[in-house]
Each structure stands twice: as C-alpha cells, then as structure tokens.
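Trainee: First the structure, then my questions, so here it is.
The values are calculated or read from the model by the stated rules, or taken from the named source; none is laboratory data. None of the values given here were measured: they were computed from a predicted structure. Neighbour counts run over all protein chains shown; Cβ positions are idealised from the backbone, glycine included. Surface accessibility is based on the protein's heavy atoms, side chains included, excluding ligands, DNA and RNA. Shrake-Rupley method; radii C 1.70, N 1.55, O 1.52, S 1.80 Å.
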Number of protein chains: 4
Amino acid sequence: MRTRATSQYRAELRERIIQSAVENFAKKGFDKTRMEDIAASCGLAKGTLYLYFKSKEDLFFALCEYNLEQLRNQLSRLFSKKENIMSDAERFYDEYRRASLGADTIWFEMIALSTRNPKLRKILAENQNKVYQAVKEFLKAQIERGFFREDIDVDAIAAGLIALYNGLATNKLLLQTSNSESQRVWTETIRAIIGAASSKQ
Amino acid sequence: MRTRATSQYRAELRERIIQSAVENFAKKGFDKTRMEDIAASCGLAKGTLYLYFKSKEDLFFALCEYNLEQLRNQLSRLFSKKENIMSDAERFYDEYRRASLGADTIWFEMIALSTRNPKLRKILAENQNKVYQAVKEFLKAQIERGFFREDIDVDAIAAGLIALYNGLATNKLLLQTSNSESQRVWTETIRAIIGAASSKQ
Amino acid sequence: MRTRATSQYRAELRERIIQSAVENFAKKGFDKTRMEDIAASCGLAKGTLYLYFKSKEDLFFALCEYNLEQLRNQLSRLFSKKENIMSDAERFYDEYRRASLGADTIWFEMIALSTRNPKLRKILAENQNKVYQAVKEFLKAQIERGFFREDIDVDAIAAGLIALYNGLATNKLLLQTSNSESQRVWTETIRAIIGAASSKQ
Amino acid sequence: MRTRATSQYRAELRERIIQSAVENFAKKGFDKTRMEDIAASCGLAKGTLYLYFKSKEDLFFALCEYNLEQLRNQLSRLFSKKENIMSDAERFYDEYRRASLGADTIWFEMIALSTRNPKLRKILAENQNKVYQAVKEFLKAQIERGFFREDIDVDAIAAGLIALYNGLATNKLLLQTSNSESQRVWTETIRAIIGAASSKQ
DNA sequence: CATGAATGAGCATTCATTCAT
DNA sequence: CATGAATGAATGCTCATTCAT
C-alpha cells in the first residue's frame, strides 16, 4: 500500500480488477455478476471499483479491449511468421486455448451485446479487421514466395480462415470435443484449405 | 371464438408468443427484454404469458428449441442431398441468411448462456450433434461413391465444416461484410476444403 | 380490494399515498424520507408507489400541487367574501392553521427546492399569482365600495398582505409563538394596514 | 507560509470554507452538495475540510451561525436608529438585497431543517428573538418620544414587522417581482403599518 | 382463460468519512 | 497540516412473478 498514489500502482490495480471481472463474467455472465462480486474477488470494496471504472458497462468495455488486444497479438503473431505454415498451425491450438481460458463465455456475450451497442461493435469490428488484414498479408506473402497458387481468392480464404477460427470457439462449446480433437479439427481443416491453395502439386 | 380452449388454439398462441419473444430478444437481448414487452408485442397481458410458459427462462428455452429445429432442418437438408455438393454450397448462402434473419443476436446469447445453464447446453449439444452426424454421413457417402479420397479425416473435416458454418455468423457481425462477399467466402472456402478432399486428381 | 381497477379506487389510493408522503416528508424532510417509509405508512409495497408516481420527485410534485390547491382555496375564499374584512381576518388564523397542519416544513422545503427546479418554481409562481390577483380584486372592490381610500397602492398593499401571510409561517417556527399570539399578530397587523388604508377617518 | 499554523490562518481558512459552502448550498441545496464540491471551490482536498469541521452537518451549522449574525446585524442596525423611521425604511431594501444575495435558498433550507433539528432550531430561535426584542425596543422608544400612539399592541406589531420582513423573502421568490417593485411593497406596507400606529393625526 | 394491480427481492451507484502517506 | 484513495452504508428504482377478479 506504500505506493498507492503511483500511476504504476493504479494501472496494476486496474488490471487486477479486470482480471476479477473476467473471472466473474465468465462464470455468471454480465447481468448476473454483481459489482460486489467483482470487488470481493480482488479484495476491494464496491465503491473502489468506481474509482477505476465509471460504471459496470464501462468496466465491461475495458475488459473487452483488454481481451481483444491479447487475442489480436496472439493471432497476428501466428500469421506473421515467415516459417512453415503447417507446423505453426499445429502449434496453434495450445496457444489458442491458453489465451481464451474461461473467456469463451465472455466472447459470445461480447458479440451478442455488440449487436445492440455501437460503441462495442466498433471496437470489435476494428479488432477483427486488423486480424483480417494480417491474414491477408500472410496469404499474399505465401503467394509471392510461390507457396500458394496465384489465382486463389485471397479475401475469401482469409475470411474463411477467420470464420474457421471463430467457429472453433463455438464448436468447442457445442460439440464439447476434447482438446486433442479440437486441435485435429483445426489442423486438418487448415491443411485442407492450405493444401488446396498450395501450388506444390 | 368458442374454440379458444382448443389445443390447436393454444399451440398457435404459444408460437405467436415465441415469435414476439424472438423479435424482442433480438432487439434488446434477454436481460433487457421485459415480459411486458413481449406481452405487448402480441397483444396479450403480462399474466397471460405465464399460462403458456412457466417463467421467462422457460420461454427462452422454448424459443431456443424452436430456433434450433429450424437451423437443423436447414443444415441437414443441405448435407443429405445426394447431388453435387458444390452447387448446393453455392445455393446455401441465401437459405443461411433467411433462417438467421435478426436471430444472430439470440444465437450468441444462447451460446453464452449455455455455458452456465446445463439444461440449455444439453439442448444445444444434442442439436449440434445431430448436424455433426448428418455431415459425417454425407462425407462417408461421398467417399463410398468415390468422390472423396479414402484417407481424409472424416470427423475432423465434418467438424471443420461446422466450425466454418458457425464462424460465418460471427464474421457477418464482426467483419460486417456485404451479403455477396459473405456468400463468396463460404463458397470459396468450402470449395477449398472439398477440393482438397476430392479424389478426382 | 373488490374495486381495484376502478378509476375511483386509483384516485383514492393516489391521494392516500400523497397523505402518507406529506406525513413522512414533514417529519423527516424530502431527502431523509425513503420511498419504503412512505409505502409502509400506507400499507403498500415499495413498488406499488411507482404505479402511481414515476419517481420520488414526481410524488413530491404531486404533493405540492395538492397542497397548493388547498392553500389557494382557503385564501381566495377568505378574500372573496364581501363582508366585513376585519371579522374575516379574525377568523382567519384557525383556518390557516388547519390547512397547514404539519406541512410547514414541506412548505419551506418546496420553496428552497423551487429555486433550483424550474418546474416546481412555475407551479409555485402560478399559484402565488392567483392568490395575488384575488387579493388585488378584493382591495379594488373595497375601494369601489368606498371603504378604502382611492390613492392606496393596491399592488404594493396586496403584495404586503401576502408577505405578511407568508411571513407568519416563518414566525411560527422561528419565534415559536403560541397559537393565540400568532392570531393576534395577524389580526393587529392587518388592522394596522387596513386601518391606514381605510377612508373612514 | 511558515505561519500557516497560526490561529489567524485557521480562522481565515475556516471562513473561506464557509463562503464556498454558501455558494454551493445556494446553488444545489444541502443534500445535493458534496463535500468534494465545497473542497474544490476553495482549492482544498476533501479531507482537509474535516480538519475544520467535524461533519457536513457541522459545517452547515457554522454556516448558519455566520449568516444569522449578518442578518441580525443588519436588521437590528435598522431598528436601533433614532432617526426618522420612514427614511430608514426606504433605505432598507438595498441592504436587504445585498445581505441575502443568493442565500435565500439556504435560508429556506435552514428553516425547513430547523423543524427537525433541535440544535439548529435553537440557534435560529435565539437569533430571531434578538431581532424581535430590538424591534420592540424601537417601537417603545417611538411611543415614548410621542411618535406612536400609546395603545398600539407593541408585541403584535413587532412580530408583524418581522413577519413582513420574512415574508418578503418568500414573495421575492414566488411572485418573482422586480427589485423596484419589491422595494415599493416594503416601503408602502411599512408606511401603512407605521402610519396607523402614528399619533400625528 | 385472461387480466393487470400488487409485490418485494435485487442491484448499481453515490458520497460522507477515515486514515495511511 | 494536507491529501485523496479506499471504504461501505444507504437507497431509488426495476421487473419477474403471483393471484384476486
């Protein structure tokens, strides 16, 4: 408590609150989570949250931005690598899982909410677009290096890969597949897509 | 009006209530929608809803089942056809759009809620599994007929196709792509997957 | 409870709530009075109040209007009489007291609040103006009938009488004078004013 | 700045806080004014106020005493003068206005609160009594000097004058009369009262 | 069957006050 | 002396649900 006034301290506490919020929202959803729950989770008093976030909704936005940044980093990191795409893809699932630990619920809630909340929709759209651009750049690079055929529909394939990625989260919940199965789905499907686009044959 | 008590009448009113609920939930989300809103939407009094559904949650379940049945029919219809898969795929987008008109929001809300509600999770999982089985049967049939290679990972590809399908709903919201673009994404990606699995080469 | 839906029933309940609100606001003031207190006072649940008044502030407004109407009736009745003004004045204090039973506190709170609330200010101003006009009409009538001199400043005297009336409420609280004393103050002061204006001398 | 701890410094700061409190209470009322608002108004931190006043209520009391002293001085000054009462009265309105600049709201709030707060009631009552005595002394002096008739009801007239004075504050708000009109009301009414009491006729 | 008045649990938010620095 | 981060009690309002009509 010595460093209370530091901006460093404030930033850390802010992050701690977000972490607690993630845990709670993931467990109970936005509406069923009470500000008091979140406060208790990080050993603070209810009122303290309001020193860091203007409202419950504001906290949720901050949480979204925080989460999205992590996802973005993870995905663009994967696709920016110059190495063999398949070996990367195989390594992908573990990272994928780690980043979204328990946050799947929130992810769907975010999307649902975004259809009614322009502010949130904007954040999500911007985020998704960044990823979209990164994937497209990756595909173009592969073409230039002669690994992919020149006539593939880059935009469509990029969007398709993202859809696959997004869809895996849904599958995970709805088909309740085991982790290893999930990994195989991703690898095999991506292999199919990449294989078809590949110019090696 | 003498026949009001008919079970036919009851069934119809029940459905009308579900329709109103869909509209309202889609517009405002589950929590922000009040029972009174739904009642007003179909010209009934608040209390009347409770003659048809035990609770707000119960109404939401009924709505989910109703929606899922439609989706299931649509998807399994597509994959049960013995004809050329690609021509079907190209026809797919329109049906896809029609079925999910305005209900995308509810779809994500359903998924989010299902992570906390075992009863709903069960309904969703069963539903998704039926579709999964249908897709697998379809793939196996293609192999038997010699259209697909024998060594493809049927389970993974089936799950991948479903992920792609699910992911398209997410893309639609997050990338805000136009309809024609969305259609192309689906067609091209499926073409890539199918093409790779194809034994024609 | 048989007549629940009647508009008569609704009107009566509305009035009962206002009565309870008066008691509570008078005892504890606007801010210290909780909606629950008021509800309990008339044997209702908190939520029921909101079926009759949109908010706590709305209830306060309704209360103000109700109170003002009573005061207005009382005062204008007094000044519209064609008889001897002094005997009326002497009878005045009892009526005055009866109408403001326990509501003095609210009266001051209303005035204080009106300085920050345009809506309330308007109600109060309109009300006071009606009384002002009534008093002026009365004075003019007295002049016409030859009881008052023609050169008196009708506007000023009317405003003065009202100030005296309003000031008595303040005196009552601040000088804590007995009822009989209060009555004498009113009678004597009015006698002085009237006497000075009188043309009989 | 070395002399900060001086009692002189403390007294001045205390007064500055009261001034800020007056401004804030006048603008927003007691309940809607936050300690932080007051602190900000005089460039202090929230916590600092508590070094000078035990609580928000305590601050309000101090403010009342401060205000009352000013009013008392003003009124008793007026009535203690041995000169012509009418010329004084005519001069009165300007002083009256100056003293109550923006503080009318607080005045009514004080009165309303006093009905529930014995401590405040006591302060207000003592204050008003001092004024009452001063006015009575003045009237008696006028009688002794032969300016007023001997049979006037000194107590009642004194209380009446005070009621008139108090009532003017109410009128000012409720009739929203212009300044010049307000002045005329006071002068004319007092002239009527004094005239009636006068023995000159 | 249908109604809608009444209920009351539930929660976000505010702000006076404290106290470690 | 001064600060302002942290506290947590307090309360207005909403809305799912019930039930007398």
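Trainee: I'd like the full set of residues that are farther than 26 Å from A:I111 by Cβ and β-branched (V, I, T), limited to segment B:18-53.
Mentor: Residue satisfying the conditions is B:T48 alone.
Trainee: Further question: All but one of (1) more than 11 Å from the chain's Cα centre (by Cα); (2) more than 13 Å from chain D (Cβ to nearest Cβ); (3) at pLDDT below 75; (4) open to solvent by 40 Å² or more (accessible area, probe 1.4 Å) hold for C:D58; state the number of the condition that does not hold.
Mentor: In the conditions (1) more than 11 Å from the chain's Cα centre (by Cα); (2) more than 13 Å from chain D (Cβ to nearest Cβ); (3) at pLDDT below 75; (4) open to solvent by 40 Å² or more (accessible area, probe 1.4 Å), C:D58 misses (3) alone.
Trainee: I'd like to check which helices (runs of 4 or more DSSP H) are fully inside segment D:4-60 and have at least 1 residues that are near DNA strand F (Cβ under 10 Å from one of its atoms) and within 22 Å of D:Q70 (Cβ to Cβ).
Mentor: The helices (runs of 4 or more DSSP H) meeting that bar are D:7-32, D:46-52.
Trainee: Take the residues in segment D:191-201 that are in a helix (DSSP H, G or I) and either at pLDDT 85 or above or at the interface with chain C (Cβ under 8 Å from one of its Cβ atoms) (or both), then tell me which one is most open to solvent (accessible area, probe 1.4 Å).
Mentor: Taking the candidates together, the pick is D:R191.
Trainee: For segment A:160-186, which positions are closer than 17 Å to A:V135 by Cβ and either surrounded by fewer than 21 Cβ atoms within 10 Å (Cβ to Cβ) or among the small types (G, A, S) (or both)?
Mentor: A:G160, A:A163, A:G167, A:A169
Trainee: Now, a different point. Inside segment D:8-37, can you point out the residues that are β-branched (V, I, T) and open to solvent by 20 Å² or more (accessible area, probe 1.4 Å)?
Mentor: The one that is β-branched (V, I, T) and open to solvent by 20 Å² or more (accessible area, probe 1.4 Å): D:V22.
Trainee: For segment D:144-182, which positions are aromatic (F, W, Y), farther than 20 Å from D:Q74 by Cα and not in a strand (DSSP E or B)?
Mentor: Result: D:F147, single match.
Trainee: Okay, moving on. May I ask you to list pairs of residues, at least six apart or on different chains, whose Cβ atoms are under 7 Å apart, with the first in segment A:26-55 being at pLDDT below 95 and the second being charged (D, E, K, R) and within 9 Å of DNA strand F (Cβ to nearest atom)?
Mentor: A:D31/B:D31
Trainee: Check segment A:169-178 and report whether any residue there is farther than 24 Å from B:L68 by Cβ and in contact with a Lys or Arg (Cβ under 9 Å, 6 or more places away or on another chain).
Mentor: Checked against the condition, which is being farther than 24 Å from B:L68 by Cβ and in contact with a Lys or Arg (Cβ under 9 Å, 6 or more places away or on another chain), segment A:169-178 yields no hits at all.
Trainee: Moving on. Kindly check whether there is at least one residue in segment B:25-37 that is within 15 Å of DNA strand E (Cβ to nearest atom), of a type in the set (A, V, I, L, M, F, W, C), more than 26 Å from the chain's Cα centre (by Cα) and not assigned by TED's automatic domain parsing to the domain that holds B:A112.
Mentor: no
Trainee: Next question, about the same structure. Would you mind stating whether B:F108 is crowded, with 21+ Cβ neighbours inside 10 Å and either more than 7 Å from every other protein chain (Cβ to nearest Cβ) or not small (G, A, S) (or both)?
Mentor: yes
Trainee: Here is a follow-up. Determine whether A:E188 is out of contact with any Lys or Arg (no Cβ under 6 Å at 6 or more places or on another chain), closer than 16 Å to B:L161 by Cβ and either assigned to a helix (DSSP H, G or I) or assigned by TED's automatic domain parsing to the domain that holds A:A103 (or both).
Mentor: Yes, satisfied.
Trainee: Hey, among C:I152, C:I143, C:I157, which residue is open to solvent by less than 40 Å² (accessible area, probe 1.4 Å) and closer than 23 Å to D:A156 by Cα?
Mentor: Checking each option against the conditions leaves just C:I157.
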